[in-house]
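This report refers to the structure that appears directly beneath it.
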4 protein chains.
Amino acid sequence: MRSALAGIFPPIPTTFDSSTGDVDARAIASNVSRLMTNGLAGVLALGSNGEAGLLDDAEGDLVVAAARDAVPRDRWLLVGVGRESTRATVAAARRAAKLGADAVLVRPPSYYKTDMTPEALIGHYRQVADASPIPVVLYNLPGPTGIVLTVPIVSALAEHANVAGVKETSPELERLGQWVTLRGGSFPVLCGWAPVVYPALMAGAAGGILAVANVLPEQCVALYEHTRAGRHAEALAAQRALTRIARLVSSVHGIAGLKTALDLVGYRGGAVRSPLLPVSDRVRDEITQALQKARGH
Amino acid sequence: MRSALAGIFPPIPTTFDSSTGDVDARAIASNVSRLMTNGLAGVLALGSNGEAGLLDDAEGDLVVAAARDAVPRDRWLLVGVGRESTRATVAAARRAAKLGADAVLVRPPSYYKTDMTPEALIGHYRQVADASPIPVVLYNLPGPTGIVLTVPIVSALAEHANVAGVKETSPELERLGQWVTLRGGSFPVLCGWAPVVYPALMAGAAGGILAVANVLPEQCVALYEHTRAGRHAEALAAQRALTRIARLVSSVHGIAGLKTALDLVGYRGGAVRSPLLPVSDRVRDEITQALQKARGH
Amino acid sequence: MRSALAGIFPPIPTTFDSSTGDVDARAIASNVSRLMTNGLAGVLALGSNGEAGLLDDAEGDLVVAAARDAVPRDRWLLVGVGRESTRATVAAARRAAKLGADAVLVRPPSYYKTDMTPEALIGHYRQVADASPIPVVLYNLPGPTGIVLTVPIVSALAEHANVAGVKETSPELERLGQWVTLRGGSFPVLCGWAPVVYPALMAGAAGGILAVANVLPEQCVALYEHTRAGRHAEALAAQRALTRIARLVSSVHGIAGLKTALDLVGYRGGAVRSPLLPVSDRVRDEITQALQKARGH
Amino acid sequence: MRSALAGIFPPIPTTFDSSTGDVDARAIASNVSRLMTNGLAGVLALGSNGEAGLLDDAEGDLVVAAARDAVPRDRWLLVGVGRESTRATVAAARRAAKLGADAVLVRPPSYYKTDMTPEALIGHYRQVADASPIPVVLYNLPGPTGIVLTVPIVSALAEHANVAGVKETSPELERLGQWVTLRGGSFPVLCGWAPVVYPALMAGAAGGILAVANVLPEQCVALYEHTRAGRHAEALAAQRALTRIARLVSSVHGIAGLKTALDLVGYRGGAVRSPLLPVSDRVRDEITQALQKARGH
């Protein structure tokens, strides 16, 4: 049986075939299978790092199916299904459920920013949670969306039985520190910003969804386990070692940086889809050196 | 023959069937046919005001086909086709062309904000312009996207033979005033912010794509013609009369405000799609009164 | 007698003694005297371009006194007196009045941003207008302050008998277009963003406070007079010629760019005060060439 | 002898005489004396919470002198001296040193935002650190200033012998987590955002400068000591108890909220200076109830 929503989850990238540019389901399954040999709690497919916004629905389904095959039933397959319209979000959640996802992660609609009042956001999420066959994890990512799921919004939504938790993807820990007190302290909050994951865990987060966990899964799991066991010096050291790599494969060089790092450590990263651009040779060298240092070579 | 890209264009809303919530192609065709009895230069389908982000591809095709039937061949059917990925944008441009669109309007990708460097944006637009069977109009809308098409970016793209112009949807006129000098002053720039359309025309804009032109097409055309004819006092008076309505049907009350106003003046507006919310009764009254005043009752 | 608040005003820079770094009152008086041989409506001392925030009160008084000597009584000496506290703003307004200023320009307090509600801003400006011996011009400059004087705020303040107008320093013309309708259309609005001054005048602005008017006063006055006389082609050509220089001496290279340009055209610009930095040699060359082109060499 | 820069510091408010509105030095000394009976590491005078921007230099000196009398020599008197110009900042640092301050806290200049390049900021701080007779603590507060002291900027400045540490006033812990590794891990970083102080300490912060420490000094010190002693459950419980009060007396209701709370717990808070506004009766009630709950009544 699957345990509570906690621990470390890599948001898996979507590997493309190098000649056609289409989704390479086999490469994705291979990546996930190898990841599952570590102590990860599961994976997130079709997150921001999965280039979800650059895929069509059929491509997304291929990714989910490939991931499902490779994720054991006792771990979590989370799937990103956020869309601009409520109806498309619901449809995507249903498709993910049919393909075997365990929960869906739903970013807020953000194109019509000035219309995204608390009332509109709460209404959207309630409709999605009502209709989704599987639990809904809320997803706050102010950077790409320009929208903030505030404490009152998340508090209101935490009352819904089909809302399973929330992910915070920012370096800010104030909201997270308040969300963890919801449902008498049992509301799962996942940190999506690797350079602050240790302090987030100390503030009460249940785990993390971290791009760097694709590249250095063991180190991420070690950080988590050190923290849970009260080995704070070790946890802080692990945090610091992860931070530099985390920055290179997310905030600084984005998905191209992540895929480059994956190629370097033996996973299948490959190319990003346009309009994203590949990293320069200089950045590739920078990542190579940082990884060598982080992995103790 | 169709004249240059100039004059007033309403960005048509997408009317939904009140019982099913599906696209109501007949209502859209009816709206457009009636609009075309005014001196408008054409219409924009699937713009932000068309709830484009809330439609799937098949729905978008229905809207384009309905509009094409109702727009005479000597006027412009512009179609919004911007997507996050280059490949999806190209596919949408091809579909629009096949359905008879005269040009496509392409908003910048914006989800991966920090990756949208000038190089990435120029690369995206060049690929789209290379592949699109019909001319491409660039679309700068910093509010919803958080991305700015700067003067250097637009200057670089204006060199592409299949780039037909640019739309600026902001109250800022500095960029617009520089863009109009491109191609020796012949590069068409369309203003998308009704409260500044008269000064934009004086700064060299070729026309406007204005939500309020759905509601008060004659007054928008009159503003344009007064300006062209050098009747500045009349143009400024028209601007002021339009501004209040323009705010109610775009910046303040959004698409729900626009659709409410359309219902009030005899077009078919109807409901917005979730997560957008309908306007309150109070707002409906405010719009009713403002329209009565603007139309001289 | 002084005419209405209209026309072109340069916001004069504060020249420093090259050896001591102290205010050089003689250089300032010399600059202003020469400026006054053009058709300018007056000057603004201690504006943002005057490095007002980098001066202490006694230095500011020297600047005002020097400017007063050089500005004929039938033209305007405007003085920037905005401070963070209401009491300091009132004190500065009283000092400016005693030194002969004709009106004060008051930027909004901005350090305690989240406290600067409409109520707080209206309260601040009302107290200043009540206490100032000379008229108060409101000053909206969202860039440096992060505060916006909205249409409702300015509408409320336009009812105060000692409020003489408002300056808008942004490329946005929507607010400006609404403010000009206050007091039955007689409320003076001054544009502070040179690249949009011609469209601003067409939208109803009474004039402009323009950094570039220090460097190219005749051209700025010509733009204004062309506009007033309905010579729109000439006005637009003047706008375009000014825009490149305007950008170099304000938005792109700031006060250091402005002072460099002044040195190049024979005024006394000199050094900026730290933490501002001088322009590089490359930028100096760029400004030199742009000025030569703009002045027809 | 004074220990390292660590522990809890309240940023003391500036009490004004209720009839004249002038600085009430006696009330300030009384507040500080009472605070010093708790285990606080010292105080910050003339911080943002001290309404520093609303005081003139002479008033600031009164505050510093009053605080100095009340802070024992073995604890820290930090004084905020940031100004827009380098020369005024240096002058203020010298005055603070003469009045007995132990270190100065220097916010970045922010009015000329676009000119505040890394080069300009580093130059400013180096000049201040060169000239200040006492150590300089850097101060990052993106909210009020719109300026960010990035990791590279702080890294460069940490090499200066007269730079003593940095304060981070935001809910973000990424920068803080990198700064704590400077100088081989001995660079003191102080957290200025109470709702994240416990995770900040876990990430390596040396202490906190917290508005709420004026109101609930014992609880803040207890949080700090629990953390240092590895009593994590107690520390997290203390964090949660503090967060609600912290929000009421800083981010939500600002300095007026802080002074209201001080009055309620027997310190001398009093009125804020205009343009700041007093809290409403409703907010006073909210604060009253929250304090009663927090203090166990």
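The values are calculated or read from the model by the stated rules, or taken from the named source; none is laboratory data. Quick caveat: nothing in here was measured; it's all calculated off a predicted structure. FYI the Cβ positions are ideal-geometry reconstructions off the backbone, even for glycines, and counts take in every protein chain you see. Ligands, DNA and RNA are stripped out before the accessible areas are found, and what is left, the full protein with its side chains, is counted by its heavy atoms. Shrake-Rupley method; radii C 1.70, N 1.55, O 1.52, S 1.80 Å.
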Worksheet item: What does the accessible area of A:T288 come to, in Å² to the nearest 10, when a probe of 1.4 Å is used?
Response: 40
Worksheet entry | Distant-in-sequence amide H partners of C:V23 (H built 1.01 Å from N, under 5 Å) | C:D17
Worksheet entry | Cut-off 14 Å between beta-carbons: net charge of the residues surrounding B:G270, Lys and Arg +1, Asp and Glu -1 | 0
Worksheet item: Summing -39500 (n - 2.57) over the DSSP H runs of n ≥ 4 in chain B and dividing by its residue number, what mean residue ellipticity at 222 nm do you reach, to the nearest 500 deg cm²/dmol?
Response: -13500 deg cm²/dmol
Worksheet entry | Average partner coverage of A:265-278, which counts Cβ from other chains inside 10 Å | 4
Item to complete: Calculate the mean, over all residues of peptide A:193-204, of how many other protein chain Cβ atoms lie within 10 angstrom of the residue's Cβ.
Response: 6
Discussion item. In Å², and per residue, what accessible area does the protein assembly as shown have when probed at 1.4 Å with the other protein chains present?
Written reply: 35
Discussion item. If you restrict to DSSP beta bridges whose two residues both lie in the stretch C:7-234, what percentage is antiparallel, to the nearest 5?
Written reply: 5
Discussion item. Counting pairwise Cα distances across the protein assembly as shown, what percent come out greater than 49 angstrom?
Written reply: 32
Worksheet item: Along the stretch C:189-200, what does the Karplus equation 6.51 cos²θ - 1.76 cosθ + 1.60 (θ = phi - 60°) give for ³J(HN,Hα), rounded to whole Hz, x for Gly and Pro?
Response: 10, 10, 8, x, 10, 3, x, 10, 5, 5, x, 5
Discussion item. Around A:V279, under 12 Å between beta carbons, what's the net of Lys plus Arg minus Asp minus Glu among the other residues?
Written reply: -2
Response to the item:
Counting Lys and Arg as +1 and Asp and Glu as -1 over every other residue whose Cβ sits under 9 Å from the Cβ of B:P171, the net charge comes to -2
Worksheet item: Roughly how much of A:E59 is accessible, in Å² to the nearest 10, using a 1.4 Å probe?
Response: 20
Discussion item. How big is the dipole moment of chain A about its Cα centre under a simple scheme where the beta carbon of each Lys and Arg is +1, that of each Asp and Glu is -1, and everything else is neutral? Debye, nearest 20, please.
Written reply: 460
Response to the item:
Expressed as a whole number, the average count of other chain Cβ atoms within 10 Å around the Cβ atoms of B:79-85 is 3
Worksheet item: Between C:H226, C:Q178, C:Y139, whose Cα lies farthest towards the positive end of the dipole of chain C when Lys and Arg beta carbons carry +1 and Asp and Glu beta carbons carry -1, centred on the Cα centre?
Response: C:H226
Fill in: Of all accessible heavy-atom area on the stretch D:145-284, the percent that carbon and sulfur account for (1.4 Å)
54
Fill in: the stretch C:1-65 versus the stretch B:98-164: alpha-carbon centroid distance in Å
44
Discussion item. Cut-off under 17 Å on the C-alpha distance; same-chain residues fewer than 8 positions from A:K259 excluded. Which aspartates and glutamates are left, in chain and number order?
Written reply: A:D17, A:D22, A:D24, A:E51, A:D281, A:D285, A:E286, B:D115
Worksheet entry | Residue-wise HN-Hα coupling along the stretch A:147-158, computed from phi with Karplus coefficients 6.51, -1.76, 1.60 (Hz; x: Gly, Pro) | 10, 10, 7, 6, 4, x, 5, 5, 4, 5, 6, 5
Fill in: Heavy-atom accessible area ranking, 1.4 Å probe, most first, across D:D130, A:D56, C:D115
D:D130, A:D56, C:D115
Discussion item. Checking an interface number: how much accessible area is buried between B and A, summed over both chains, with a 1.4 Å probe, in Å² rounded to 100?
Written reply: 2700
Worksheet item: Given a cut-off of under 8 Å on Cα pairs at least six residues apart, what relative contact order in percent is computed for the stretch C:7-234?
Response: 19
